[in-house]
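Novice: One structure, as structure tokens, below. Some questions next.
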Amino acid sequence: MLTAVAAVSVAMLAGKVYQPAAAEVVPELTPQQMASLEARAFETASTPAGLTAPEAIPVQIRRGETFEDAVRRTGIGEAEASAVAATLSNAFDLSQLRAGLKFETAISRPRAGRGDARLIGLTMRTGPASQLTVSRSFDGALRLRALEERVTQETMVVNAKVEGSLTATAQRMGADAAIRRTANKLFGHRFDLDRDIRAADSFTLVFDRSVTENGRTIDTGDLLYAELKGAVFYRFQRPGAREVEYFDAAGKSMRSSMMRTPLDRAARVSSSFGFRVHPISGYRKMHQGIDFAAGTGTPIVAPADGVVIEARRWGGYGNWLRVRHASGLESGYGHLSRYGSGIRPGQRVRQGQVIAYVGSTGASTGPHLHYELWRNGQRINPGSIKVEDNVQLAGNDLAAFRAEKSRIDRIIASGGERRPAVMQASVNGLRPAAAATRS
């Protein structure tokens, strides 16, 4: 409700009746001014005469609906829905709206329980850092206001010590899900993220992000640098290459032949390779894999490039997946909740690609991943696998890498960079009307 009502109050306090030729141009507001307006909005909008306090109602346009159809589902009448649409159409071409567009309304209803509801305000995001609001002033007129935050492009340097888990700490420090996944995949080449990482271990992440003046991250770029326990990873895209890679400080590839764990985040080993008392049968028997305790839906990634050879139901393993890799190695995954997109026999997969998700299918006492490795048809302990490094850059590639490494090192030494950014992207297909003026 804060979003819609705060936006409503901005127009209500402006003191001018809306002129339909264009959106009202207003000076930019500081975060402190916005907070003050929010408080005043609740005072003025919470008890409209004869109406209930405004209720925040999110709306999503359904397939085949017009904007007016969607807004009428809040309970307002046909005439009012038409008036709101006419107001918004001065800033955006509403005929181009696609199904799935979301916006928020603030709706008051008659206290007597009879008659149509009344729209107090509407907020629609039109870009990563911009939004339109429609509000009703004291005299009943509808007002239109366009708000756009300044956006800064910055390169963040996050230095932290692990508290709880590496993933949780990185999230608290501002790394989004994509950055955390990349970091975990890189660190997974060198460490078992459950057993090798301890509280107070230091790490560094460097990445680009676009941030609004209120501190909201609206976009992130690639992870430029990651460091953990002496292992460093520099992002570098070789000239002419389609994919980015990560190298150590000397230009040696940090992409190993086989990742140590197949999960994209730290997970506790709940049962190791070797003899154990089976949790269901109660008999002592050989456990020919490693079990990782993880929640249902945790992504499982391919530890190396390979080809899917099985994706089927298999007895006590439940949903089962098997992948053939180079050098006579094969990997197997049991108790899956589901497979990754496009995963089927014959499908090629790349190292780090999500191939399945943790579950509890088959003979299982709870959500976990059963992970097996074979070498030349014989099961082996996954913990015993030795990883090998890949290429060493040379010639022009090495010279270009050293230049990029120097740039990243300067950013780290300075603690980060900030620079203006212009956001051109739209949201949900919205495009500005030609005559609209936005503040």
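The values are calculated or read from the model by the stated rules, or taken from the named source; none is laboratory data. What you see is a predicted model, and the numbers here were worked out from it, not measured in a lab. Here Cβ is always computed from backbone atoms with ideal geometry, including for glycine, and neighbour counts include all displayed protein chains. Just the protein is used for accessible areas: all its heavy atoms, side chains included, with ligands, DNA and RNA removed. Shrake-Rupley method; radii C 1.70, N 1.55, O 1.52, S 1.80 Å.
Novice: What residue, among those in the range 117-154 that are more than 16 Å from residue 81 (Cβ to Cβ), of a type in the set (Val, Ile, Thr) and out of contact with any Phe, Trp or Tyr (no Cβ under 7 Å at 6 or more places or on another chain), is most open to solvent (accessible area, probe 1.4 Å)?
Specialist: 152
Novice: For residue 155, which of the numbered conditions (1) of a type outside the set (Gly, Ala, Ser); (2) assigned to a loop (DSSP other than H, G, I, E, B); (3) more than 24 Å from residue 355 (Cα to Cα) fails to hold?
Specialist: Only one criterion is unmet by residue 155, namely (2).
Novice: For the range 307-333, give me each residue that is within 20 Å of residue 188 (Cα to Cα) and open to solvent by less than 10 Å² (accessible area, probe 1.4 Å).
Specialist: Selection gives 323, 331, 332, 333.
Novice: Taking the range 340-386 only, how many residues are within 22 Å of residue 270 (Cα to Cα), in a strand (DSSP E or B) and open to solvent by 60 Å² or more (accessible area, probe 1.4 Å)?
Specialist: Residues flagged as within 22 Å of residue 270 (Cα to Cα), in a strand (DSSP E or B) and open to solvent by 60 Å² or more (accessible area, probe 1.4 Å) within the range 340-386 amount to 1.
Novice: Within the range 187-201, which residues are in a loop (DSSP other than H, G, I, E, B) and within 22 Å of the chain's Cα centre (by Cα)? Let's see the steps before the verdict.
Specialist: Within the range 187-201, the first condition is being in a loop (DSSP other than H, G, I, E, B), and the residues that meet it are 189-201.
Across the range 187-201, the qualifying residue is only 193.
Novice: Given the conditions (1) open to solvent by 60 Å² or more (accessible area, probe 1.4 Å); (2) in contact with a helix residue (DSSP H, G or I) (Cβ under 9 Å, 6 or more places away or on another chain); (3) among the basic types (Lys, Arg), and given that residue 198 satisfies all but one, which numbered condition is not satisfied?
Specialist: (2)
Novice: Going by what's in this entry, would residue 352 be described as modelled with pLDDT of 90 or more and among the small types (Gly, Ala, Ser)?
Specialist: Judged against the criteria, residue 352 is not a match.
Novice: Also, quick follow-up: Determine which single condition residue 184 fails, assuming it passes every other condition in (1) of a type in the set (S, T, N, Q); (2) open to solvent by 20 Å² or more (accessible area, probe 1.4 Å); (3) assigned to a helix (DSSP H, G or I).
Specialist: Going through (1) of a type in the set (S, T, N, Q); (2) open to solvent by 20 Å² or more (accessible area, probe 1.4 Å); (3) assigned to a helix (DSSP H, G or I) one by one, residue 184 breaks only (2).
Novice: Could you list, in sequence order, the residues of the range 389-439 that are open to solvent by 50 Å² or more (accessible area, probe 1.4 Å), modelled with pLDDT under 60 and of a type in the set (Ser, Thr, Tyr)?
Specialist: Passing the criteria: only 437.
Novice: Taking the range 65-103 only, how many residues are surrounded by 14 or more Cβ atoms within 10 Å (Cβ to Cβ), part of a helix (DSSP H, G or I) and within 29 Å of the chain's Cα centre (by Cα)?
Specialist: Here the count works out to 4.
Novice: Quick one: in the range 104-114, which of the residues that are open to solvent by 10 Å² or more (accessible area, probe 1.4 Å) and either of a type in the set (A, V, I, L, M) or at pLDDT 85 or above (or both) is farthest from residue 124 (Cα to Cα)?
Specialist: Looking at residues that are open to solvent by 10 Å² or more (accessible area, probe 1.4 Å) and either of a type in the set (A, V, I, L, M) or at pLDDT 85 or above (or both), I get 112.
Novice: Consider only pairs whose beta carbons are under 6 Å apart and that are at least six residues apart or on different chains; among these, list those whose first residue lies in the range 159-174 and is outside any strand (DSSP E or B) and whose second residue is hydrophobic (A, V, I, L, M, F, W, C) and open to solvent by 100 Å² or more (accessible area, probe 1.4 Å).
Specialist: none
Novice: Report the residue count in the range 220-258 for those that are in a strand (DSSP E or B) and either touching a strand residue (DSSP E or B) at 6+ places or on another chain (Cβ under 8 Å) or surrounded by 16 or more Cβ atoms within 10 Å (Cβ to Cβ) (or both).
Specialist: 19
Novice: Of 321, 369, which residue is among the hydrophobic types (A, V, I, L, M, F, W, C) and in contact (Cβ under 8 Å) with a residue 60 or more places away in the chain?
Specialist: 369
Novice: Then there's this: Of all residues being closer than 25 Å to residue 259 by Cα and open to solvent by 20 Å² or more (accessible area, probe 1.4 Å) in the range 201-219, which is modelled with the lowest pLDDT? Just the residue, please.
Specialist: Going residue by residue through the range 201-219, those that are closer than 25 Å to residue 259 by Cα are 201-207.
Checking which are open to solvent by 20 Å² or more (accessible area, probe 1.4 Å) leaves us with 201-202.
Details: 201: 86, 202: 90.
Ranking the qualifying residues of the range 201-219, first place goes to 201.
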